[in-house]
Amino acid sequence: MVAALNDTLLDNARMPAVLADVQALVDAEVSDKKGASGLALKGGYGAVKKVGPSIVPDAIEGLLPAFVARLEPFWQEFGASGEGSFSAFLTARSDAAADALLGVTDERIEGTDKGAIKKVYSTLRPSAKKHVIEALPRLGDLVQKHAA
């Protein structure tokens with residue numbers, strides 16, 4: 001049995017490195033986006049970072065425990081599987097993994113009483129799954145790096 005992700009990824013000694021790597025993952029995923037939608041995503045992401053340089057890091061830190069909890073069943077199944085790459089494991093289960101991770105933000109949005117935020121989220125949500133699936137290889141490598 002592999003160690004629980006919350007015991008490794010959320011450990012106080014490892015947390016700064018994990019947070020830095022997640023920030024780098026988000027930056028790399030946004031940077032890799034192509035086409036008109038990629039340009040829009042890059043512009044929006046850049047604007048958010050300029051308005052409040054701590055917005056993205058604070059969001060990552062605040063949401064990380066919930067994302068770790070959603071990844072835990074996949075991590076435990078991976079550990080029992082004997083497969084060598086968590087990245088490949090997640091990618092092979094991309095629909096379920098993306099849905100699990102997006103469940104975190106879905107629940108957050110559902111719990112807000114801010115109609116404008118719900119409206120914006122509902123317009124972005126359909127493309128979000130595609131972006132999460134595209135990020136799974138990097139995410140799997142990141143998790144395995146810090147948890148293995």
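Can you find a residue in the stretch 95-109 that is free of Cβ contacts under 8 Å to residues at least 60 places away in the same chain and in a loop (DSSP other than H, G, I, E, B)?
No: zero hits.
So if I check each of ILE133, ILE117, which one is part of a helix (DSSP H, G or I), of a type in the set (A, V, I, L, M, F, W, C) and touching a residue at least 24 places away in the same chain (Cβ under 8 Å)?
Exactly one of ILE133, ILE117 is part of a helix (DSSP H, G or I), of a type in the set (A, V, I, L, M, F, W, C) and touching a residue at least 24 places away in the same chain (Cβ under 8 Å), namely ILE133.
Looking for something surrounded by fewer than 17 Cβ atoms within 10 Å (Cβ to Cβ), among the polar types (S, T, N, Q), modelled with pLDDT under 95 and over 22 Å from VAL30 (Cβ atoms) - is there at least one such residue anywhere in the stretch 95-114?
yes
Just need a number here: residues in the stretch 52-69 that are surrounded by fewer than 17 Cβ atoms within 10 Å (Cβ to Cβ) and either in a helix (DSSP H, G or I) or of a type in the set (A, V, I, L, M, F, W, C) (or both).
Matching residues across the stretch 52-69 total 10.
Filter the stretch 3-16 down to residues that are outside any loop (DSSP other than H, G, I, E, B), open to solvent by 50 Å² or more (accessible area, probe 1.4 Å) and under 20 Å from ALA59 (Cβ atoms) and give me whichever is modelled with the lowest pLDDT.
ASN6
Being out of contact with any strand residue (DSSP E or B) (no Cβ under 8 Å at 6 or more places or on another chain), part of a helix (DSSP H, G or I) and open to solvent by 20 Å² or more (accessible area, probe 1.4 Å) is true for just one of GLU83, GLU72. Which residue is that?
None of the other options fit; the residue is GLU72.
Just one of LYS42, LYS34, LYS50 is without any contact (Cβ under 8 Å) to a residue 24 or more places away in the chain, touching a Ser or Thr at 6+ places or on another chain (Cβ under 8 Å) and over 17 Å from VAL104 (Cα atoms); which is it?
Of the residues listed, the single one that is without any contact (Cβ under 8 Å) to a residue 24 or more places away in the chain, touching a Ser or Thr at 6+ places or on another chain (Cβ under 8 Å) and over 17 Å from VAL104 (Cα atoms) is LYS42.
Among the residues of the stretch 3-26, is any in contact with a Lys or Arg (Cβ under 6 Å, 6 or more places away or on another chain) and closer than 20 Å to GLU134 by Cβ?
Yes.
The values are calculated or read from the model by the stated rules, or taken from the named source; none is laboratory data. Because the structure is a prediction, the values reported are computed rather than measured. Positions of Cβ are generated from backbone atoms using ideal geometry, with glycine treated the same way; all protein chains shown enter the neighbour counts. What goes into the accessible areas is simple: the full protein's heavy atoms, side chains included, and nothing from ligands, DNA or RNA. Shrake-Rupley method; radii C 1.70, N 1.55, O 1.52, S 1.80 Å.
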